[in-house]
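Since every read-out is calculated from the coordinates, none of them should be taken as a lab result. None of these values were measured; they are calculated from a predicted model. Here Cβ is always computed from backbone atoms with ideal geometry, including for glycine, and neighbour counts include all displayed protein chains.
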Amino acid sequence: MTKERLCQTCGKPYQSKKITHLFCSRRCFKRSYYLRNRAIILEERRNPKRPLKTCLVCGTLCLLPFDPITNPRAYNDWQCHNCRATNDLIWRWQNSPNSFQVIMQELRTVQVVFSFSATYITKTPY
Ligand SMILES: [Zn+2]
Ligand SMILES: [Zn+2]
């Protein structure tokens, strides 16, 4: 069963065979992907020294806010905004046979400490 729909990218009518077909062509599908991720793609183009990094623990795409070549220390301290894994943590455990479990275990502890200090951060002057 085909149904005439309007392409979500270019607005042209097309014959859709499936309910999940939202675009008239592969090109319009790609364009839609670009539009959705435009902010991060443009930021990467404007500043190629800020590479994208895929978190080794959870697979989230993160934009590095520094240059890892001139600032290796910041790279060690880098933390995934999704699961809070740091490069330092991953490297410390990457040779362990059950590194993934160890990292997850470590992250649970980190998260407890993190939420604890976040509660008291306004009351504790540094
Ligand atoms: Zn289209
Ligand atoms: Zn992560």
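Worth a mention:
- Reduced Cα scattering model of region 12-84, Debye log10 I(q)/I(0), q = 0.15, 0.17 Å⁻¹: -0.67, -0.76
- In plain terms, the residue of 106, 4 with the fewest other Cβ atoms within 10 Å comes first and the most crowded comes last, giving 4, 106.
- Distant-in-sequence amide H partners of residue 60 (H built 1.01 Å from N, under 5 Å): 55
- Phi angles across region 7-16 convert, under the Karplus curve 6.51 cos²θ - 1.76 cosθ + 1.60 with θ = phi - 60°, into 3J(HN,Hα) values of 4, 6, 9, 9, x, 7, x, 8, 8, 9 Hz, Gly and Pro given as x.
- Phi-derived couplings, Karplus 6.51 cos²θ - 1.76 cosθ + 1.60 at θ = phi - 60°, listed residue by residue for region 81-92: 6, 8, 10, 6, 6, 9, 4, 4, 5, 5, 5, 4 Hz, with x used for Gly and Pro.
- Peptides 76-86, 53-63 ordered by packing proxy, namely the average of other Cβ atoms within 10 Å per residue, highest first: 76-86, 53-63.
- A simple rule links phi to the HN-Hα coupling: the Karplus curve 6.51 cos²θ - 1.76 cosθ + 1.60 with θ = phi - 60°, which for region 62-77 gives 10, 8, 6, x, 7, 8, x, 7, 8, 10, x, 5, 5, 5, 4, 8 Hz, with x for Gly and Pro.
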